[in-house]
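Participant: Sharing a structure, written as structure tokens. Questions coming.
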Amino acid sequence: MPKYPKKELAQLLLQTCVAHGIEKVVISPGSRNAPLTLGFVNHPDIKTFSIVDERSAAFFALGMAQQDQKTVALLCTSGSALLNYYPAIAEAYYSRIPLLILSADRPKHLIDIGYGQTIRQEAVFSNHICFETCLIEEGRGTQLSGDDLQKVNGIKIKKALTVAKDRMGPVHINIPFSEPLYETVSELYDFTDSLIKQASIATESLLDETPWAVSELEKFASKWNRSPKKIVLIGSHVPDELIQIQMDHLIKDPSVIILTETISNIHGAHFIDHIDQLIFPLGDEEFNELKPDVLLTFGGMVVSKRIKQFLRNYKPEEHWHIDALGSLDTFDCLSQYFNISPKLFFSQFFFLTEQLESSYQKRWLLLKNQRGLKHKEYLKGIEYSDMSVFESILNTLPSHIYLQLANSSVVRYTQLFDMDPSIHVFCNRGTSGIDGSTSTALGAAFTQKKQTVFITGDVSFFYDSNALWNSYVPQNFRIILVNNSGGGIFRIIPGPIDSDALDFFETTHNLNASYLCEMHDFDYHSVNNSSELKTALTSFYVNTGKPALLEIFTPNQDNDRILKDYFEFIK
């Protein structure tokens, strides 16, 4: 027989969450959150996960929500536990991933009077949250009771759940619970439907959006049709078949070039998919020649620093950004924001556009071909290094997997190489932090039936080593750890290596992952040269009944030189 919480407030929140489609709840152990823990664990429509480290728990939830594109809930006890959610909340805010943060709290009259495990929890995430509220518990200091109290709390809960879904971001509900915390009943309370349910269930359809007036779009189509140089730049984006079809149509216009990144998940033979490789060697004359008349952007954050510098220094006449949820003026020249989904925008816009004779796309593709030939030539004689390692890894990844990338040098190296279009690629680029990449990858891997491979650097991996401390690691999950004994990116970017404080930038260490793998029951493999790596990769992805980690040790002192020589060579 199930044991539901006796507290009415806990049951109200539980049942409203279920009515609004919450299916997964990640719980970190504690006592103050016991009423909700009891509710979620015992409800047949909720799948619960127990993860001790709140920071890891939050990123694990983020990984699940990233894949499902549905709200995942987080539940923790009172006090500093809640603050550990913040890195993942910031990432969710900027990456537009829906999370429902549920924090148990002590009643308000017990805050700031010396009680243990209490902090000021209300509005603690106010700078990076889409909606926040604090529920009201009947009792001391509360004027409301009965149906009136239920109604007020119900409105707050439904508002939070609706915002998380509509704005695709994190929301926070703080819930005060007085003792006793563990009293239970065997049945759910009978709340009225109007109190807990949505008025209607929205469907995921372009028909739910309001199209732009054709007369308004015609003004922009006229500019588009007159412009011989147009760039479409796609930031991070989930795989989308319709967007792919629309871009395949758009590239037929010789006045249009499409620039993508590895995490755009959009592919095409005539797209520019290695932006840094192409534009790094360009000079003023070439930049002026390639400067677009119209820049059209959509998707999330852009990795390439060089494309940002190019478009900020050589500003287009027009910059249009398309996004149903908000605008991004990344290049300091935004002239028009279309508050509409890219899919609906292009569905309307294509009927108003005409192809224009131009050599613009041809010029970009000529440069792409030249850089590609030089890229292959350089790699033929390359010595063992981070760069040769990434070439080997990316050439041997199985088709149709889900690939998770850590930040820093990992995502940047990956962008220099071709990616199998069947592979779906993800990275925490909302805040570009290293702090939860492994936990995110595990949450995503648990959600996907297909194999997930996670490529990470050593600092990122060891920083988030608690990610392995849970019971939800799929047997076919694979981690590739490139260990160059420190934050290698700080030897690549200008500044740190010429300073007298390099040790404080690059985190030099002598750690390896063997003991962590033994503790968490991962198969462990390590390599130190190209031949060992080639042998290891031939069987690494095979499901052996256990998750596995391949640690690749590379020379810390050579990686930066080899990468810098690469960019000089491809000029």
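The values are calculated or read from the model by the stated rules, or taken from the named source; none is laboratory data. Owing to the predicted nature of the structure, the values given are computational and were not obtained by experimental measurement. So basically every Cβ, Gly included, is an ideal-geometry build from the backbone, and we count neighbours across all protein chains shown.
Participant: Quick one: how many residues across the stretch 314-338 are assigned to a loop (DSSP other than H, G, I, E, B) and over 16 Å from Lys219 (Cβ atoms)?
Facilitator: The qualifying residues number 15.
Participant: Can you tell me how many residues in the stretch 138-152 are in a loop (DSSP other than H, G, I, E, B) and either within 24 Å of Ile89 (Cβ to Cβ) or of a type in the set (Val, Ile, Thr) (or both)?
Facilitator: Total satisfying the criteria: 1.
Participant: Test each condition in (1) part of a loop (DSSP other than H, G, I, E, B); (2) without any contact (Cβ under 8 Å) to a residue 60 or more places away in the chain for Gln370 and report the one that comes out false.
Facilitator: (1)
Participant: Could you check the stretch 18-55 and list, in sequence order, the residues that are touching a Ser or Thr at 6+ places or on another chain (Cβ under 6 Å) and acidic (Asp, Glu)?
Facilitator: Glu54 - this is the single residue of the stretch 18-55 that is touching a Ser or Thr at 6+ places or on another chain (Cβ under 6 Å) and acidic (Asp, Glu).
Participant: Right, next: Out of (1) among the small types (Gly, Ala, Ser); (2) in a helix (DSSP H, G or I); (3) without any contact (Cβ under 8 Å) to a residue 60 or more places away in the chain, what's the single condition that is false for Ala123?
Facilitator: So Ala123 meets the others, but not (2).
Participant: How do the pairs read when you match residues in the stretch 535-546 that are in the same structural domain as His525 (by TED's automatic domain parsing) and surrounded by 10 or more Cβ atoms within 10 Å (Cβ to Cβ) with residues anywhere that are assigned to a helix (DSSP H, G or I) and at pLDDT 95 or above, using Cβ under 6 Å and keeping only pairs 6 or more apart or on different chains?
Facilitator: Listed by first residue and then by second, the contacts come to Leu537/Thr396.
Participant: Given the options Phe349, Phe390, name the one that is modelled with pLDDT of 95 or more, touching a strand residue (DSSP E or B) at 6+ places or on another chain (Cβ under 8 Å), not in a loop (DSSP other than H, G, I, E, B) and not β-branched (Val, Ile, Thr).
Facilitator: Phe390
Participant: Okay, moving on. Does the stretch 561-569 contain any residue that is in contact with a His (Cβ under 7 Å, 6 or more places away or on another chain) and under 22 Å from Gln415 (Cβ atoms)?
Facilitator: So the first thing to find is which residues in the stretch 561-569 are in contact with a His (Cβ under 7 Å, 6 or more places away or on another chain), and the list is none.
No: zero hits.
Participant: Filter the stretch 243-273 for residues that are touching a Lys or Arg at 6+ places or on another chain (Cβ under 7 Å) and closer than 23 Å to Gly430 by Cα and give the result.
Facilitator: Passing the criteria: Ile243, Ile263, Ile272.
Participant: Name the one entry in Leu325, Leu295 that is surrounded by fewer than 17 Cβ atoms within 10 Å (Cβ to Cβ), in contact (Cβ under 8 Å) with a residue 60 or more places away in the chain and within 23 Å of Arg429 (Cα to Cα). Step through it out loud before you land on a result.
Facilitator: On the way: Leu295 fails: surrounded by fewer than 17 Cβ atoms within 10 Å (Cβ to Cβ).
Just a single option satisfies the conditions, and that option is Leu325.
Participant: Could you tell me which of the residues Ile493, Ile489, Ile497 is surrounded by fewer than 18 Cβ atoms within 10 Å (Cβ to Cβ), at pLDDT below 95 and part of a helix (DSSP H, G or I)?
Facilitator: Values: Ile493 fails: part of a helix (DSSP H, G or I); Ile489 fails: surrounded by fewer than 18 Cβ atoms within 10 Å (Cβ to Cβ).
Only one candidate qualifies: Ile497.
Participant: Where residues in the stretch 20-29 are crowded, with 19+ Cβ neighbours inside 10 Å and not polar (S, T, N, Q), which of them is farthest from the chain's Cα centre (by Cα)?
Facilitator: So the residue we want is His20.
Participant: Is at least one residue of the stretch 388-401 without any contact (Cβ under 8 Å) to a residue 60 or more places away in the chain and at positive phi?
Facilitator: The answer is yes; a qualifying residue exists.
Participant: Restricting attention to the stretch 214-237, does a residue exist that is touching a strand residue (DSSP E or B) at 6+ places or on another chain (Cβ under 7 Å) and more than 30 Å from Phe271 (Cα to Cα)?
Facilitator: no
Participant: Only one residue in Val482, Val453 is modelled with pLDDT of 95 or more, under 26 Å from Arg561 (Cα atoms) and either in the same structural domain as Ile51 (by TED's automatic domain parsing) or buried (at least 20 other Cβ atoms within 10 Å of the Cβ) (or both), so which one is that?
Facilitator: Going through Val482, Val453 in turn, just one is modelled with pLDDT of 95 or more, under 26 Å from Arg561 (Cα atoms) and either in the same structural domain as Ile51 (by TED's automatic domain parsing) or buried (at least 20 other Cβ atoms within 10 Å of the Cβ) (or both): Val482.
Participant: Is there any pair with a first residue in the stretch 218-246 that is touching a residue at least 40 places away in the same chain (Cβ under 8 Å) and under 30 Å from Gln448 (Cα atoms) and a second that is part of a helix (DSSP H, G or I) and charged (D, E, K, R) whose Cβ atoms are under 9 Å apart and which are 6 or more apart or on different chains, and what are they?
Facilitator: Asp240/Lys343; Leu242/Lys343; Ile243/Lys343; Gln246/Lys343
Participant: Can you go through Ile340, Ile393 and tell me which one is in the same structural domain as Ser526 (by TED's automatic domain parsing) and within 29 Å of the chain's Cα centre (by Cα)? I'd like the intermediate steps shown before the answer.
Facilitator: Numbers: Ile340 fails: in the same structural domain as Ser526 (by TED's automatic domain parsing).
That would be Ile393, the only listed residue that is in the same structural domain as Ser526 (by TED's automatic domain parsing) and within 29 Å of the chain's Cα centre (by Cα).
Participant: If we scan the stretch 360-372, do we find a residue that is exposed (fewer than 15 other Cβ atoms within 10 Å of the Cβ) and not polar (S, T, N, Q)?
Facilitator: yes
Participant: Take the conditions more than 15 Å from Leu416 (Cβ to Cβ), assigned to a strand (DSSP E or B), at pLDDT 95 or above and within 26 Å of the chain's Cα centre (by Cα) and apply them to Leu311. Does it pass?
Facilitator: Here the answer is no, as Leu311 does not meet what is asked.
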